[in-house]
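The values are calculated or read from the model by the stated rules, or taken from the named source; none is laboratory data. Keep in mind it's a predicted model, so treat the numbers as computed, not measured. Note: ideal-geometry Cβ built from the backbone for every residue, glycine included; neighbour counts use all protein chains shown.
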Amino acid sequence: MFSTCIRDCAEKELGRSCVEAKNVWISAETLLLVERKRDLKRKLMQAKGRVFEETKLAYSLLVKAVRKSCSCDKEAWWSQKALEVEKASVDGRLKDTFGILKHCLRNLVVHAVF
């Protein structure tokens, strides 16, 4: 009870933090889904009885939707980068080609390690 009171007061006075993409390939639609999931998680923690079961089902469906959306975003980002590399390669811009590849590999290594 005390912790929820403190959290509610903090949200009221400070406002809620906005969700920022941790990866470059996450779209705004996915971030909205993440925010909805976060709100539903709060409701789930406070729900009891039949409402808990309904909220739990809705939350699990939203988790699946977030995962699918992230996967689609990542695939679209990699496809776009592949097209950029192909176009730069066909145009004979080797410096741009290797710059795009270097950027992609740097992102891949950083996100794989952490």
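Annotations
- Hits in segment 31-53 - residues which are more than 24 Å from the chain's Cα centre (by Cα), surrounded by 12 or more Cβ atoms within 10 Å (Cβ to Cβ) and of a type outside the set (Phe, Trp, Tyr): ALA47, VAL51
- Residue-level check: of (1) in contact (Cβ under 8 Å) with a residue 40 or more places away in the chain; (2) under 30 Å from MET1 (Cα atoms), SER69 misses just (2).
- Residues that are under 30 Å from HIS103 (Cα atoms), acidic (Asp, Glu) and either without any contact (Cβ under 8 Å) to a residue 24 or more places away in the chain or assigned to a loop (DSSP other than H, G, I, E, B) (or both) do occur in segment 78-87.
- So LYS41, is it out of contact with any strand residue (DSSP E or B) (no Cβ under 9 Å at 6 or more places or on another chain), among the charged types (D, E, K, R) and in a helix (DSSP H, G or I): yes
- Verdict on ALA47 being of a type in the set (A, V, I, L, M, F, W, C) and at pLDDT below 95: yes
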